[in-house]
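Accompanying notes for the structure given below.
Any read-out appearing in this document is the output of simple, stated calculations on the displayed coordinates, not a laboratory observation. All values reported here derive from a predicted model rather than from experimental measurement. Counting neighbours? That spans all protein chains shown, and the Cβs are built from the backbone with ideal geometry, glycine included.
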Amino acid sequence: MKTVLVLGGYGNFGKRIVENLCDIEQLNIVVAGRSSVKANQLISQLQGSSNTKATLSGAVIDIFSAGFAQQLKQISPFLVIHTSGPFQGQDYRVPEACIQAGAHYIDLADDRRFVCDIGQLDAKAKSSGVTVVSGASSVPGLASAVIEQYLLQFSSITAIDLAIAPGNKAERGLATVKAILSYTGHPFAVFRAGQWQDAYGWMDSTVFDFGGIVGKRYLANVDVPDLELFPARYNVSDRVSFQAGLELPFLHLSMVVMAYLSKVGLVKNWAGLSKPIVGASNVFLPFGTDKGAMSVRINGFDKVGKDKTVNWTLYAPKGNGPYIPTLSTIILARKLIDNSSVDTGAKPCVGLFTLVDIEPYFDHLDIYYTEHFTEEAQG
């Protein structure tokens, strides 16, 4: 029996991962976190389901405690799934402890440095014969799968533009909000107009039309690993951009004002106010919708030199948007559990699965996507 340890297993993303893996026989899932009460509540809920075939247990674990590495060795997991964000400011204590314990490791990190620098553990991971994957989430995991679906249609790529817009009624995770607030109004490097330059978190606000069931939404700058990984991987000549936004204009524009106050130095960092900010935003949960969307737009030239654009848009119509960030991790976890071929070593989650792998999950969740292609001859 293989043991999968889910750190933050009762949290916003962790509980969805545990729920999905529950149908695997001969699997022991350990729901871990700092609250035994919350872990046991989730376990009780899932044990009442006819779909649950795995064995469920709980563990009180603090990843920042001095005894964490030893506790991990005692559990002796086959795989550790790390969902305990925010990852901004975290070191590699968790993946390093996993390597030492001989356990595979997957996380849902969205912090640029955490994901982009994970390769520094590559030699250690290979030496231990384990797989270490960082950023197994919407970005860069799903985003890269989309790009690589269409990559062979291009002779060269000039621009990649990514956007995510959750519905206002979607569940908000405190760690996710804290991560966003940590760089709101702060500069980060983006590849724009063929060179690296600074953009500011939650600024450059614009309106983008996702079409379909979502329509127009406000968007602003968000710092993600894709901004650093994609220019080199896909040899992009002009730009890579990523923006996200809040459905309610009032909340979105409030964030823009907060970003400005931080940019001019009136507020050093908003992350310390995450809890009251989430509490205030929850007052507005009855408003808006549960509909979310994700857009990936690729511009470049096709094999005969024509301008080519691919517009891929994902729609989550029934409040299932919060499941999307978990799907990359679920796919990779199942591959490892099934002993499917996944290379050892440490790497960002880029090009590790395909859209074919993820489409059954879309169907199950009533999530769907559209594709639009445009081509025109040059001059």
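Would you call Pro86 touching a residue at least 60 places away in the same chain (Cβ under 8 Å) and part of a helix (DSSP H, G or I)?
So Pro86 fails the test.
Which of the strands (runs of 3 or more DSSP E) contained wholly in the stretch 289-379 include at least 1 residues that are of a type in the set (Asp, Glu)?
Strands (runs of 3 or more DSSP E) meeting the threshold: 307-316, 368-376.
Out of all the residues in the stretch 344-361, is one or more in contact (Cβ under 8 Å) with a residue 24 or more places away in the chain and within 23 Å of Lys169 (Cβ to Cβ)?
Taking the stretch 344-361 and keeping what is in contact (Cβ under 8 Å) with a residue 24 or more places away in the chain, we get 344-355, 357-358, 361.
With within 23 Å of Lys169 (Cβ to Cβ) added as a condition, the list becomes 361.
Scanning the stretch 344-361 turns up at least one residue that is in contact (Cβ under 8 Å) with a residue 24 or more places away in the chain and within 23 Å of Lys169 (Cβ to Cβ).
Can you name the residue in the stretch 242-251 that is of a type outside the set (A, V, I, L, M, F, W, C) and surrounded by 22 or more Cβ atoms within 10 Å (Cβ to Cβ) and, of all such residues, is farthest from Lys291 (Cα to Cα)?
In the first step, residues of the stretch 242-251 are kept if they are of a type outside the set (A, V, I, L, M, F, W, C); the result is 243, 245, 247, 249.
Retained after the next criterion (residues that are surrounded by 22 or more Cβ atoms within 10 Å (Cβ to Cβ)): 243, 245, 247.
Details: Gln243: 17, Gly245: 13, Glu247: 9 Å.
Residue satisfying both the conditions and the ranking: Gln243.
Taking the residues in the stretch 316-343 that are over 22 Å from Glu19 (Cβ atoms) and of a type outside the set (Gly, Ala, Ser) as candidates, determine which candidate is surrounded by the most Cβ atoms within 10 Å (Cβ to Cβ).
My answer is Val342.
Only one residue in Lys263, Lys275, Lys291, Lys303 is within 23 Å of Leu365 (Cβ to Cβ) and among the basic types (Lys, Arg), so which one is that?
The match here is Lys291.
Restricted to the stretch 115-127, and to residues that are more than 22 Å from Leu227 (Cβ to Cβ), in contact (Cβ under 8 Å) with a residue 60 or more places away in the chain and touching a helix residue (DSSP H, G or I) at 6+ places or on another chain (Cβ under 9 Å), which residue is surrounded by the fewest Cβ atoms within 10 Å (Cβ to Cβ)?
Lys124
Which ones in the stretch 148-180 are outside any strand (DSSP E or B) and under 16 Å from the mean Cα position of the chain (by Cα)?
Pro166, Ala170, Glu171, Arg172, Gly173, Leu174, Ala175, Thr176, Val177, Lys178, Ala179, Ile180 - these are the residues of the stretch 148-180 that are outside any strand (DSSP E or B) and under 16 Å from the mean Cα position of the chain (by Cα).
Pull up the stretch 53-111, narrow it to residues that are of a type in the set (Phe, Trp, Tyr) and buried (at least 17 other Cβ atoms within 10 Å of the Cβ), then point me to the one that is nearest to Pro348 (Cα to Cα).
Tyr105
Yes or no, residue by residue, for (1) in a strand (DSSP E or B); (2) over 19 Å from Ile106 (Cβ atoms):
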residue: Leu5; (1), (2): yes, no
residue: Arg16; (1), (2): no, no
residue: Asp23; (1), (2): no, no
residue: Val30; (1), (2): yes, no
residue: Asn40; (1), (2): no, yes
residue: Leu46; (1), (2): no, yes
residue: Asn51; (1), (2): no, yes
residue: Leu72; (1), (2): no, no
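Please specify each residue of the stretch 187-236 satisfying the condition of being under 23 Å from Gly288 (Cα atoms), surrounded by fewer than 20 Cβ atoms within 10 Å (Cβ to Cβ) and small (Gly, Ala, Ser).
Ser205, Gly211, Gly212, Gly215
Of all residues in the stretch 208-256, which are among the acidic types (Asp, Glu) and under 16 Å from Gly321 (Cβ atoms)?
Glu247
Looking at Lys38, Lys15, which one is over 19 Å from the mean Cα position of the chain (by Cα), under 19 Å from Gly85 (Cα atoms) and not β-branched (Val, Ile, Thr)?
Lys38
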